[in-house]
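Enquirer: Let me begin by handing over the structure; questions about it come next.
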Amino acid sequence: MPHVLEQDLDHVLAHTSRVWDSLRGANIFITGGTGFVGTWLVESLVWANRRLNLNARAVLLTRNQKAFHADPSISFIHGEANAFAFPEGEFPFVIHAAANTGSMLSDIEATQRVLEFARICGVKRLLFTSSGAVYGKQPPSITHIPEDYAGAPCTDYGHAKRISESLCASHASQSGFAAVIARLFAFTGPYLPLDINFAAGNFIRDALRGGPIHIAGDGTPYRSYLYAADMAIWLWTLLIHGESARPYNVGSGEEVTIQQLAQAVAAATNLACQIEIARMPVPGAEPSRYVPSVERARVELGLQPLIPLKEGLRRMLAWNVMSANAANTSA
């Protein structure tokens, strides 16, 4: 059986045949290149370079250069997204995937800085990774939230993303480039952090420790999870083929409760992991939802989830086990 990540990268290439010719020989600038989203984009770009002889090159803005292995097609700029030094040369493609969840102002300033760079670097297409947080609280009456739902952000992070979307659309119109907006929801897969506020990562962490799997709430909220390799397919496709200033939800429409997610993680371990739920559901209370409609991406771009949730969790678990074993061996 192939290494789980190689299997995933081959999966990305198999479903992005419409993308790579546009990137052949191109320079790409990526912020957040060593985060979860950025790592998947960079890993798949390197893989495409090797398999398809693209001769594409990427410059990554990062605070942690050591987070990515050395490759001759990748170079780095160390710094913050809101105050980085502009690299020299033309960059027809820019991906702004950096996010500052701690400061609304810094997040907006980062977008402004990236757009300032885009204006002078010869950009043709820019992809901005926004968030489903721009919708605010999802009404119980809407099972799958569409891109045309106005909503109202209820966090600084959501407000920052909403403002940044508007900035991207405005600058694109003024400067004559395409700015595609990807509203990201929830994901599973290798590189997803295990120790911050991602339920799938937290549950995998608990399972790797032998359990129990802890659910902090009552287990009733509905979420959906797109596997990371599918996410990479969607984002590369949006960069090249998405319509400018038009937001696209990026996620899965397959809803599961948090308790069902925990049960799926427990089943993926093949162990008798116990599940502990912190609170009992409130009788008659409507469960919260964070589930996108992905019809726009399907109808306009032919995108859909390809790797089922259970298989994605199995691969995520296997990759984390291999990574832990490799770390123990090198130590």
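Enquirer: For the chain, give the share of DSSP beta bridges that are antiparallel, in percent and rounded to the nearest 5; count only bridges with both residues there.
Expert: Working: 2 of 39 bridges.
Once the DSSP bridges in the chain are tallied, antiparallel ones form about 5 percent.
Enquirer: If you don't mind, there's one more thing I want to ask. Sort region 1-144 into rounded, prolate or oblate with this rule: let a ≥ b ≥ c be the square roots of the eigenvalues of the Cα gyration tensor; rounded if a/c is under 1.5, and if a/c is not under 1.5, prolate when a/b is larger than b/c, oblate otherwise. Could you put the intermediate results ahead of the total?
Expert: Details: a/c = 1.66, a/b = 1.15, b/c = 1.45.
Cα axes put region 1-144 in the oblate bin.
Enquirer: Using alpha carbons only, how many degrees (0 to 90, rounded to 10) separate the axis of helix 36-52 from the longest principal axis of the chain?
Expert: Once rounded, the angle reads 60 degrees.
Enquirer: Same structure again: Round to a whole number: what % of the accessible area of the chain belongs to carbon and sulfur, probe 1.4 Å? Numbers along the way, then the final one.
Expert: Details: 7510 of 14740 Å².
Taking all protein chains in place, the chain shows 51 percent carbon and sulfur surface.
Enquirer: Further, regarding this structure: Using heavy-atom solvent-accessible surface (probe 1.4 Å) with all chains present, what is the largest-first order of ARG279, ARG315?
Expert: Numbers: ARG279 140, ARG315 25 Å².
Reading off the accessible areas and sorting them downward yields ARG279, ARG315.
Enquirer: Continuing with this model, one more query. Find the lysine pairs in the chain meeting two conditions, Cα atoms under 28 Å apart and a separation of 8 or more places or different chains, and report how many there are. Mind showing how you got there, number by number?
Expert: Details: LYS66/LYS161; LYS124/LYS161; LYS137/LYS161; LYS137/LYS310.
Final tally of qualifying lysine pairs is 4.
Enquirer: Moving to a separate point now. Could you check the spin-label model distance between TYR149 and LEU194? Points 7 Å from the Cα along Cα→Cβ, value in nm.
Expert: 3.3
Enquirer: Taking the Cα atoms only, what angle lies between the long axis of helix 309-330 and the longest principal axis of the chain, rounded to 10 degrees?
Expert: 80
Enquirer: Right, next: Could you give the radius of gyration (one decimal) and Dmax (whole number) of the Cα atoms in the chain, in Å?
Expert: Every Cα atom of the chain included, Rg and Dmax give 19.6, 61 Å.
Enquirer: Give the Kirkwood hydrodynamic radius (Å, one decimal) of region 218-331, defined as one over the mean of 1/r across all pairs of different Cα atoms.
Expert: Details: mean 1/r = 0.0607 Å⁻¹.
After inverting the pairwise mean of 1/r, the radius is 16.5 Å.
Enquirer: Here is a further query. At q = 0.21, 0.26, 0.28 Å⁻¹, work out log10 I(q)/I(0) for region 34-104 with the Debye formula, treating every Cα as an identical point scatterer and leaving solvent out; two decimals please.
Expert: -1.00, -1.45, -1.59
Enquirer: Continuing with the same structure: Taking H as built 1.01 Å from N, whose amide H comes closer than 5 Å to the amide H of THR188, not counting residues under 5 places away?
Expert: LEU226, TYR227, ALA228
Enquirer: Can you give me the accessible area per residue for the chain, using a 1.4 Å probe, in Å²?
Expert: On the way: 14740 Å² over 331 residues.
Spelled out: the 1.4 Å probe surface of the chain, per residue, equals 45 Å².
The values are calculated or read from the model by the stated rules, or taken from the named source; none is laboratory data. None of these values were measured; they are calculated from a predicted model. Positions of Cβ are backbone-derived with ideal geometry, glycine not excepted, and every protein chain shown enters the neighbour counts. Surface areas here come from the heavy atoms of the whole protein model, side chains and all, with no ligands, DNA or RNA. Shrake-Rupley method; radii C 1.70, N 1.55, O 1.52, S 1.80 Å.
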